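A.B. asks: Pasting in a structure now, in structure tokens, and then I'll have a few things to ask.
The values are calculated or read from the model by the stated rules, or taken from the named source; none is laboratory data. Here the structure is a predicted model, which is why all the values come from computation and not from measurement. Because the Cβ atoms are built from the backbone with ideal geometry, glycine has one as well, and the counts that use them run over all protein chains shown. Just so you know, the surface numbers come from the protein's heavy atoms only, side chains and all, with ligands and any DNA or RNA stripped out. Shrake-Rupley method; radii C 1.70, N 1.55, O 1.52, S 1.80 Å.
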Amino acid sequence: MDYAANIAMTLPELVLALGAIALMLVAAWGGEKATRAISIAAVFVLVGAGIALTGPASSGGYAFDGMFRADAFGTFAKVLIYIASAVAIMMAPSFFARTQGDNLRPEYPVLILLSACGMGIMVSASDMLTLYVGLELQSLAAYVLASFMRRDGRSAEAGLKYFVLGALASGILLYGISLVYGFSGTTVFAGIADAYAGTPSLGLLFGLVFVFAGLAFKISAVPFHMWTPDVYEGAPTPVTAFFASAPKVAALAMSVRVAVEAMGPATDQWRQIVIFAALASIILGAVAAIGQTNVKRLLAYSSINNVGFALIGLAAGTPEGVSGVLMYLTIYVAMTLGSFLVVLQMRGDDGQPVESIASLSGMSRTRPGLAAALAIFMFSLAGIPPLFGFYAKFAVFSAAVDAGLFPLAVVGIAASVIGAYYYLRVVKTMYFDDPAPAFAPMDNKVEGGLIALAAIFVSPAGYLLIPVIGAWTMAAARALF
Amino acid sequence: MTGFPILSVLIAVPMIAAIACLFVSANTARMLALAGTLIDFVLGIMLWMNYDIGGAQWQFVEHAPGIFGPFGWSLGIDGFALMLIMLSVFLMPICIGASWRSITTRVPEYMAAFLFTEVLMIGTFAAQDLFLFYVFFEAGLIPMYLIIGIWGGANRIYASYKFFLYTLLGSVLMFIAMLYMAKTAGTTSIPALLNYDFPAHVQTWLWLAFFASFAVKMPMWPVHTWLPDAHVQAPTAGSVILAGVLLKLGGYGFLRFLLPMFPEASGQLTWLIFGLSAVAVIYTSLVALVQSDMKKLIAYSSVAHMAIVTIGLFAFNRQGIEGAMIMMLSHGLVSGALFLCVGVIYDQLHTREISRYGGLAINMPRYAILFLFFTMASIGLPGTSGFVAEFLSLMGTYQVSTWTALLCTTSIILGAAYMLYLYRRVVFGEIKSDDVRGMVDLSAREFWLLAPIAAVVLWMGVYPESFLAPMRKDVSVLLARVDRAKPASDSNPTAGKPATVHDAAHGEAH
């Protein structure tokens, strides 16, 4: 295959990488003054990458001798990743404007671009080594982002924790990859799948377990979730929103691809791991969230909980299941970004961010619109119809029931009731409690617009999009099978 | 009327009014809500007038498949749904009227929550798609949670949580069962599923999953404990709608899903229904007898009355099912009216303690008369709807299980005991305190809230045919469907000579 075709298939990643490098150069000479321009340019680079997706990048097949696969599945995940990244860039300026001494520096959008590039490689990787390179590119950018507020102790702690535990996870993953390579003789997914056909050897099974442990770490599934609450709490809020959305999509999509493309013949083996991780995440995410008083920690546990639900779709191991995972992620990204955008509006009179759930008290009276939006996100995260979050659960549970996984479906859905409790607690605080001092008024039209957009998407109006998104996720899922 | 999507309009009118309510002032919101519910009531009357009794099983059908992906917007009603929709649209303006003065804080949101509730109730009864039904059914939790939590009494937060989580836990299992049914039968259309035969062993599991949901909603003993809490804490209109319509969702679910979709399982598990219902009747009636809180007393009486509904439904015969339906309608009206009666005096004295009142007959004669009328209707005095309901249900049950009928008939005696005891303590006797002496009789508004209900209760008691006629054909369809799984009767009617018509019919069935 000639080089031009390879480049055409990896065009989105190239756009992102070159764009990031160019902007970094601008930043080097422009300094902090250029931050605003670079942020805007970064959003346009993401848009450009999105446009580049429409070409051969969405359906070209294998590039670089099977190292990279451009297909509908990767494209769908990338669209979500780019949207989430763009929102993370857009929500940053007003947050950093209020921090003490930590200004928004031009590295922020550049790091997000690099991270997005890494995520694009992750979801399109069809070789273990491509996957690892993409993962590390994403992770290294993310470690820096987590500790972006240099003068803030919690932020530095979050960055360090994320780095140490992330490095450990990468090590576990790499160990698994080396085992798989050792026993199958290849790192290409198609070759690995051949090795898993028939009765896999013990070494291959060990490799599978380690690979899944590493992946579970990246998607923060129980029992590898412990870094999530600390990192989410410590990182600057826009970065937390980013962590909870884009890398989560990327890591889950990557896990799905590894599970289905590389280890598809060993479905019965990994299904046990996925079922355990799914149920443990749902239950722990729900139970541990109950005692939280910090809204960012609450959302961290909520993200653990949601990953569990998404994994239910993967456990089904069918095209419907994968389509359900993508549908879940689509709706989850909207709910999460919306929730974090609301968290961003939680500022005291002095403009400083507040994060306690108690400070939301009586918000329905002081800021009715914002309270209604957060209530929509919370009910939706709890999966209560008629909000769109219900359809997310519908998609994954439907796939699980079709695959005959009744115990998983019953336990999972019953545990979702526990989760409903803490989402309700937020609504209760906003609607039933006496008003606390009102938050400072919103001064950013972009954020207000994004919140409204997310709320409308999650509202019952979103159901009208099901045929469109459903057809798209199904086409994406079919690309893997 | 052909071509006019009246059911969609019924759903859309309160929906639009609800959204509009959020953006206007308190007084405008009140007017808007009243207008919206009255328009819906008029539409409901048009629906009933145009309903072709004895015509097609499903009427006013609207079908837009696939607009929500795996499920579509399909609506349609039969006689059961028609009657329950009528109950909803009839009670709704009354609820708005009952909240006219007693709700003073956050009126626009309150009115919007009620209108949303109306949307969801009508949607639940009219839905012809399994998942559309579930969406409407579950969504009702959100406005009710807010109504109890924001405008409720002192312990409202506990009650709102209990209400929400209890009913949610019941429903999610039903959701899994629905997914299985949709996959196995290959359709989400309720009319199609009504004629789909699931294997008997699967039916039992599905039955239990649906039962978990509807039994909580109904509520049946022992999962009824959320109801007294929710009722006591909810504002008056909230209690009316809770008792009047939301509890009927449980009964409707039994009627629409459990019996026709899983006839074999229903036949096998009749003992469970009968057992729980008999316990409910006796236990909750006795509990009602010792309550000191008026709303709690009526809430417990609701549980007892709902048990009469369940035994009637599971009698597998015409009298039982018709009795159960009339019981649902009658209970919706009567207990709604009783909650309104409590609301009238609560608004003046701000207490529901029975012992604080007494002698109201002296200074509130009009109130005493209407309260007496509804008390009698609750007991089941002939001439009121309660009598028709209890008589038909118990007669139906007797043909299947004499023991259950015997135990459940105590509901009439115990019902008389607790209701009359309540009435005596509140209305008769001497006025004990000055604040009670200062209470004033029904205002014109309150009178016109209660009078229409009284008229309908009387109508249903004297000429129930108006309400039975639209349902008659649907009962026949249901019976034809479940007849094969009919449980054996223990009443063993001895064949005398000459053989009665009833025995001949019984012989043919076997």
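A.B. asks: Please work out which residue is surrounded by the most Cβ atoms within 10 Å (Cβ to Cβ), limiting yourself to the range B:25-49 and to residues that are small (G, A, S) and within 20 Å of B:E109 (Cα to Cα).
C.D. replies: Ranking the qualifying residues of the range B:25-49, first place goes to B:A33.
A.B. asks: Among (1) closer than 25 Å to A:P353 by Cβ; (2) open to solvent by 10 Å² or more (accessible area, probe 1.4 Å), where does A:A195 come up short?
C.D. replies: (1) is the only condition that A:A195 fails.
Matching residues to (1) under 30 Å from A:R98 (Cα atoms); (2) touching a Gly at 6+ places or on another chain (Cβ under 6 Å):
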site: A:F183; (1), (2): no, yes
site: A:G191; (1), (2): no, no
site: A:P200; (1), (2): no, no
site: A:L204; (1), (2): no, no
site: A:P229; (1), (2): yes, no
site: A:F242; (1), (2): yes, no
site: A:M254; (1), (2): no, no
site: A:V274; (1), (2): no, no
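A.B. asks: Out of B:S213, B:S292, B:S239, which single residue is among the polar types (S, T, N, Q) and over 21 Å from the mean Cα position of the chain (by Cα)?
C.D. replies: B:S292
A.B. asks: B:K162: facing chain A (nearest Cβ under 9 Å) and open to solvent by 30 Å² or more (accessible area, probe 1.4 Å), yes or no?
C.D. replies: no
A.B. asks: Based on this model, can you work out whether B:G55 counts as assigned to a loop (DSSP other than H, G, I, E, B) and either in contact (Cβ under 8 Å) with a residue 60 or more places away in the chain or out of contact with any Leu (no Cβ under 6 Å at 6 or more places or on another chain) (or both)?
C.D. replies: yes
A.B. asks: Scan the range B:15-24 and tell me whether some residue there is within 13 Å of another protein chain (Cβ to nearest Cβ), within 24 Å of the chain's Cα centre (by Cα) and either open to solvent by 50 Å² or more (accessible area, probe 1.4 Å) or within 23 Å of B:F116 (Cβ to Cβ) (or both).
C.D. replies: Yes, the conditions are met somewhere in the range B:15-24.
A.B. asks: Which members of the range A:382-396 meet the condition of being at the interface with chain B (Cβ under 8 Å from one of its Cβ atoms) and either farther than 29 Å from A:A455 by Cβ or touching a Leu at 6+ places or on another chain (Cβ under 6 Å) (or both)?
C.D. replies: Result: no residue meets the conditions.
A.B. asks: Okay, moving on. Filter the range A:1-54 for residues that are farther than 17 Å from A:M90 by Cα and hydroxyl-bearing (S, T, Y) and give the result.
C.D. replies: Hits for the range A:1-54 are A:Y3, A:T10, A:T54.
A.B. asks: Okay, moving on. In the range B:307-347, what residues are open to solvent by 10 Å² or more (accessible area, probe 1.4 Å), among the aromatic types (F, W, Y) and within 18 Å of B:F391 (Cβ to Cβ)?
C.D. replies: none
A.B. asks: Another question about this same structure. Do you know which residues across the range A:424-448 are open to solvent by less than 40 Å² (accessible area, probe 1.4 Å) and more than 11 Å from every other protein chain (Cβ to nearest Cβ)?
C.D. replies: Residues satisfying the conditions are A:V426, A:A436, A:F439, A:A440, A:N444, A:E447, A:G448.
A.B. asks: Right, something else. Would you check if there is a residue in the range A:242-252 being of a type in the set (D, E, K, R) and open to solvent by 10 Å² or more (accessible area, probe 1.4 Å)?
C.D. replies: no
A.B. asks: Restricting to the range A:406-423, count the residues that are free of Cβ contacts under 8 Å to residues at least 40 places away in the same chain and more than 7 Å from every other protein chain (Cβ to nearest Cβ).
C.D. replies: Matching residues across the range A:406-423 total 2.
A.B. asks: Here is a further query. Which of the residues that make up the range A:44-63 are at pLDDT below 85 and not in a helix (DSSP H, G or I)?
C.D. replies: Listed by number, the residues that qualify are A:G55, A:S59, A:G60, A:G61.
A.B. asks: Only residues that are open to solvent by 10 Å² or more (accessible area, probe 1.4 Å), closer than 18 Å to B:K162 by Cβ and touching a Leu at 6+ places or on another chain (Cβ under 8 Å): list them for the range A:397-423, please.
C.D. replies: A:A414, A:V417, A:Y421
A.B. asks: Something else about it: Looking for whichever is among the aliphatic types (A, V, I, L, M) and either touching a strand residue (DSSP E or B) at 6+ places or on another chain (Cβ under 7 Å) or open to solvent by less than 10 Å² (accessible area, probe 1.4 Å) (or both) here; the options are A:L381, A:L387, A:L370. Which one fits?
C.D. replies: Step by step, each of A:L381, A:L387, A:L370 is checked, and only A:L381 is among the aliphatic types (A, V, I, L, M) and either touching a strand residue (DSSP E or B) at 6+ places or on another chain (Cβ under 7 Å) or open to solvent by less than 10 Å² (accessible area, probe 1.4 Å) (or both).
A.B. asks: Which of the residues that make up the range B:403-419 are closer than 21 Å to B:S489 by Cβ, hydrophobic (A, V, I, L, M, F, W, C) and touching a Ser or Thr at 6+ places or on another chain (Cβ under 7 Å)?
C.D. replies: Within the range B:403-419, B:A405, B:C408 qualify.
A.B. asks: Taking the stated definitions as given, is B:I142 under 21 Å from the mean Cα position of the chain (by Cα) and modelled with pLDDT of 85 or more?
C.D. replies: yes
A.B. asks: If you scan the range A:253-267, which residues turn out to be open to solvent by less than 10 Å² (accessible area, probe 1.4 Å), in a helix (DSSP H, G or I) and of a type in the set (A, V, I, L, M, F, W, C)?
C.D. replies: Hits for the range A:253-267 are A:A253, A:M254, A:V256, A:V258, A:A259, A:A262, A:A266.
A.B. asks: Considering every residue within the range B:317-337, establish whether at least one is farther than 15 Å from B:I453 by Cβ and outside any helix (DSSP H, G or I).
C.D. replies: Taking every residue of the range B:317-337 in turn, at least one turns out to be farther than 15 Å from B:I453 by Cβ and outside any helix (DSSP H, G or I).
A.B. asks: Select from the range A:113-135 the residues that are farther than 27 Å from A:L25 by Cα and open to solvent by 10 Å² or more (accessible area, probe 1.4 Å) and list them in ascending order.
C.D. replies: A:L129
A.B. asks: Looking only at the range A:268-307, how many residues end up being within 27 Å of A:F481 (Cα to Cα), polar (S, T, N, Q) and either open to solvent by 30 Å² or more (accessible area, probe 1.4 Å) or touching an Asp or Glu at 6+ places or on another chain (Cβ under 6 Å) (or both)?
C.D. replies: So the answer is 2.
A.B. asks: Would you check which residues across the range A:471-481 are open to solvent by less than 20 Å² (accessible area, probe 1.4 Å) and either within 11 Å of another protein chain (Cβ to nearest Cβ) or not hydrophobic (A, V, I, L, M, F, W, C) (or both) and list them?
C.D. replies: Once the filter is applied, which keeps residues that are open to solvent by less than 20 Å² (accessible area, probe 1.4 Å) and either within 11 Å of another protein chain (Cβ to nearest Cβ) or not hydrophobic (A, V, I, L, M, F, W, C) (or both), the range A:471-481 yields only A:T473.
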